1. Which of the residues that make up the stretch 13-28 are assigned to a loop (DSSP other than H, G, I, E, B) and in contact with a strand residue (DSSP E or B) (Cβ under 7 Å, 6 or more places away or on another chain)?
2. I'd like the full set of residues that are of a type in the set (Val, Ile, Thr), surrounded by fewer than 10 Cβ atoms within 10 Å (Cβ to Cβ) and under 13 Å from the mean Cα position of the chain (by Cα), limited to the stretch 30-55.
3. Taking residue 27, is it surrounded by 11 or more Cβ atoms within 10 Å (Cβ to Cβ) and either touching a Gly at 6+ places or on another chain (Cβ under 6 Å) or not aliphatic (A, V, I, L, M) (or both)?
4. From the list 31, 7, which one is in a loop (DSSP other than H, G, I, E, B) and acidic (Asp, Glu)?
5. Of all residues in the stretch 1-24, which are surrounded by 10 or more Cβ atoms within 10 Å (Cβ to Cβ) and touching a His at 6+ places or on another chain (Cβ under 7 Å)?
Amino acid sequence: MLIDNYDLEVSTPPCEPGAERFSATAHLTVDISEILPYLNATLRGAIYHSEANALT
């Protein structure tokens, strides 16, 4: 398995206390940058930022 461990950070937008939406950030212990383009093609609504090496 590629990912064995991760830390998950969940928060609400700082400018909207009590908001009904959340933001989640996964902090991984391994580099998965090579599979981000594949995840982008598979996950509906995903956006791959190649310059930042990030998937939102």
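The numbers here are math on the coordinates, done by the rules we state, and not lab data. As the structure is a prediction and not an experimental result, all values here were calculated from the model. Glycine gets a Cβ as well: all are built from the backbone with ideal geometry, and neighbour counts include every protein chain shown.
1. Residues satisfying the conditions are 13, 22.
2. 47 - this is the single residue of the stretch 30-55 that is of a type in the set (Val, Ile, Thr), surrounded by fewer than 10 Cβ atoms within 10 Å (Cβ to Cβ) and under 13 Å from the mean Cα position of the chain (by Cα).
3. It is false that residue 27 is surrounded by 11 or more Cβ atoms within 10 Å (Cβ to Cβ) and either touching a Gly at 6+ places or on another chain (Cβ under 6 Å) or not aliphatic (A, V, I, L, M) (or both).
4. When all the criteria are applied, what remains is 31.
5. Within the stretch 1-24, just 6 meets the criteria.
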